[in-house]
Each structure stands twice: as structure tokens, then as C-alpha cells.
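Here's the structure we're looking at; comments come further down.
The values are calculated or read from the model by the stated rules, or taken from the named source; none is laboratory data. No experiment lies behind these values; they were computed from the predicted model shown. Virtual Cβ from ideal backbone geometry, glycine too; neighbours counted across all protein chains shown. Side chains included, ligands, DNA and RNA excluded: accessible areas come from the protein's heavy atoms. Shrake-Rupley method; radii C 1.70, N 1.55, O 1.52, S 1.80 Å.
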Amino acid sequence: MSNTNPYDLRFQIFETARNVLTDEYWAKVNRREVLIESGAVDAIPEFPTYPTMNDIMDRVQVINEFVSTNS
């Protein structure tokens, strides 16, 4: 195990949350483009919003609660 300090661990959780949310964003953008190009939908899905810092911090809380649970 590496000698990771609490600051590094928190940053890793932050990076994980940010990466997951941006991956979800780009997946929605790509899915929307595929649907538009294929003409398979009657209505064009709304363009997704890019994750905000609040969105990221909310996801950080979820990850931190999961990691911190003593189950």
C-alpha cells in the first residue's frame, strides 16, 4: 500500500467524481447525436448540461459515504 495522505485521498475521490460525471455527460451528448443522425426519435433529446462544481461535490459526498461506511 502506498503512503497516501488524507489530502491525496480526498483529491482522488474528487477526481473520480469529476471523471464519472464528465464521462456521463459525454455519453449523453454522444447518444443524443446518434439519435439525431439515425432519425430514430420524434423529438430531439435536450442537450445535457455540463457538471457543475456543486454536482461534483454532491457525487464526492456519495463516494465518500460509500468509502467511509464500516459495513
Q: State which residue is least open to solvent (accessible area, probe 1.4 Å) when the search covers only segment 5-44 and only residues that are free of Cβ contacts under 8 Å to residues at least 40 places away in the same chain, within 21 Å of Val62 (Cα to Cα) and of a type in the set (Val, Ile, Thr).
A: Thr22
Q.
For segment 1-17, give me the residue count where each residue is farther than 17 Å from Glu65 by Cβ and of a type in the set (D, E, K, R).
A. 2
**Q.** Residue count, segment 45-64 (criterion: open to solvent by 100 Å² or more (accessible area, probe 1.4 Å), assigned to a loop (DSSP other than H, G, I, E, B) and either under 27 Å from Arg10 (Cα atoms) or of a type in the set (Ser, Thr, Tyr) (or both))
**A.** 2
